[in-house]
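The values are calculated or read from the model by the stated rules, or taken from the named source; none is laboratory data. Keep in mind it's a predicted model, so treat the numbers as computed, not measured. With ideal geometry, Cβ positions are generated from the backbone for all residues, glycine too; neighbour counts draw on all protein chains shown.
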Amino acid sequence: MSASDEAGAAEIRADSAAAPASPEASLAFDGATGPAVGLLSSASRGYAGRERWPVPARGVAYGALDLGTNNCRLLIAEPAEPHFRVVDAFSRIVRLGEGLGAAGRLGEGAIERAIEALKVCRAKMDLRGVSRARLIATEACRAATNGEAFVARVERETGLALEVVDRKTEAFLAVSGCASLADPGAHAALVFDIGGGSTEVACLLGPRIGAAADPCERIEDWVSLPVGVVTLAERYGGYDVTPAVYEDMVGEVMDLLAPFRARVGWAARRRGFHLLGTSGTVTTIAGVHLRLPRYDRRRVDGLWMSDRQVDRVVWRLRQAGYPERAANACIGRDRADLVLAGCAILDGLRRSFPSPRLRIADRGLREGILMALMRADGVWRQGRPS
């Protein structure tokens, strides 16, 4: 058993005393109050999303799992006023999409890392008594020629039935999870989620975007770019990134964004327009900006950063070598070769849609799943759990 697996096992054992497993645990979530249109699913204790099961009573836990190109993340929550309370969380870098761009398929090492992380997730859901869950997989499983075989293997070895969602579903769930952070006075906002294998972008129109019962109804247009931090770093390199290579990455992102910008670029001129980002890239930038000795979600989620502040952090990261990036507590060795690709994607977005400010969201797809499930079950009555 590896050191990370031992830590995961210890985390499960500690959970038997109902101790929060991460800084996210025991936090009340003040997210949007509605699900993304047409994105509802349900699950049994077998955690499949294909059948309708009885609506759980108040206090029963809900689960949301997101298996991406780079990370495996789980959130477990219970309905609580006004929305929900996180009781457990798990996140592990698995790099499921490692080498996918070149090989076109998921590698055995990546599959094994993902399955080990999913076993931890299964144990946590069993321990917390999760009775409703949605378990999704995104770009790596969409793109891989052996994606279906991987999903079948996961079900055999863990009992978890993953749902490979399309790009629209992924984008709308991210919006549903973080739109509550949009400035209520803004008449437009650009919400983006920089992933490992793709980047979802949505233009929302306001005002009071986050107050909408279903924030996805405020989406004017959306796009999914076929680039993420893993795919871009594998193509261009992530250890020693020259200024020319960095600009090539930014240019590729801007080229991909050009048709979307032609359709909704006018939104950037609306009153109060701002960017709203949910991803490891933006939360890392926020942590570096705050000079945190260790990552602290409570200080990062909801943080506003000016355009100049973002510029300064990106410049610092570009000047730093790989060892310096790896030594930063908000980056770490597992992300040090990916962070500049993330910065390039962010800069492509910022240059295409100039804005004086960016809001950081340490919430998104998993929170969107939870909101959709609870809303479908009618757990809130006039803002209170039923």
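Please find, among 372, 344, 336, the residue that is at pLDDT 95 or above and in contact with a Leu (Cβ under 7 Å, 6 or more places away or on another chain).
On the way: 372 fails: at pLDDT 95 or above; 336 fails: in contact with a Leu (Cβ under 7 Å, 6 or more places away or on another chain).
Result: 344 is the single residue among 372, 344, 336 that is at pLDDT 95 or above and in contact with a Leu (Cβ under 7 Å, 6 or more places away or on another chain).
Among the residues of region 65-83, is any part of a loop (DSSP other than H, G, I, E, B), free of Cβ contacts under 8 Å to residues at least 60 places away in the same chain and not assigned by TED's automatic domain parsing to the domain that holds residue 276?
First, pick out the residues of region 65-83 that are part of a loop (DSSP other than H, G, I, E, B): 68-70, 80-83.
Restricting the remaining residues to those that are free of Cβ contacts under 8 Å to residues at least 60 places away in the same chain gives none.
No, the conditions are met nowhere in region 65-83.
Which of the residues belonging to region 147-198 are acidic (Asp, Glu) and not in a strand (DSSP E or B)? Let's see the steps before the verdict.
The first filter runs over region 147-198 and keeps only residues acidic (Asp, Glu), leaving 148, 155, 157, 163, 166, 170, 183, 193.
Hits for region 147-198 are 148, 155, 157, 166, 170, 183.
Which residues, counting only those in region 293-307, are touching a helix residue (DSSP H, G or I) at 6+ places or on another chain (Cβ under 7 Å) and farther than 28 Å from residue 227 by Cα?
299
Out of all the residues in region 159-172, is one or more closer than 30 Å to residue 322 by Cβ, in contact with a strand residue (DSSP E or B) (Cβ under 7 Å, 6 or more places away or on another chain), of a type in the set (A, V, I, L, M) and crowded, with 17+ Cβ neighbours inside 10 Å?
no
Is it true that residue 329 is surrounded by fewer than 15 Cβ atoms within 10 Å (Cβ to Cβ) and in a loop (DSSP other than H, G, I, E, B)? Reasoning before the result, please.
Working: surrounded by fewer than 15 Cβ atoms within 10 Å (Cβ to Cβ): yes; in a loop (DSSP other than H, G, I, E, B): yes.
For residue 329, the condition - surrounded by fewer than 15 Cβ atoms within 10 Å (Cβ to Cβ) and in a loop (DSSP other than H, G, I, E, B) - is met.
Please enumerate the residues belonging to region 205-222 that are within 20 Å of residue 370 (Cα to Cα) and surrounded by fewer than 17 Cβ atoms within 10 Å (Cβ to Cβ).
Of everything in region 205-222, those that are within 20 Å of residue 370 (Cα to Cα) and surrounded by fewer than 17 Cβ atoms within 10 Å (Cβ to Cβ) turn out to be 211, 213, 217.
Does residue 175 qualify as being surrounded by 24 or more Cβ atoms within 10 Å (Cβ to Cβ) and either of a type outside the set (Ser, Thr, Tyr) or more than 18 Å from the chain's Cα centre (by Cα) (or both)? Can you show your working first?
On the way: surrounded by 24 or more Cβ atoms within 10 Å (Cβ to Cβ): yes; either of a type outside the set (Ser, Thr, Tyr) or more than 18 Å from the chain's Cα centre (by Cα) (or both): yes.
Yes.
Among 132, 113, which is the only one that is crowded, with 22+ Cβ neighbours inside 10 Å, among the basic types (Lys, Arg), more than 30 Å from residue 272 (Cβ to Cβ) and outside the structural domain of residue 283 (by TED's automatic domain parsing)?
Details: 113 fails: crowded, with 22+ Cβ neighbours inside 10 Å.
From the options 132, 113, the qualifying one is 132.
Yes or no, residue by residue, for (1) modelled with pLDDT of 95 or more; (2) within 28 Å of residue 101 (Cβ to Cβ):
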| position | (1), (2) |
| --- | --- |
| 162 | yes, yes |
| 180 | no, no |
| 192 | yes, yes |
| 200 | yes, yes |
| 208 | no, no |
| 216 | no, no |
| 232 | yes, yes |
| 266 | yes, no |
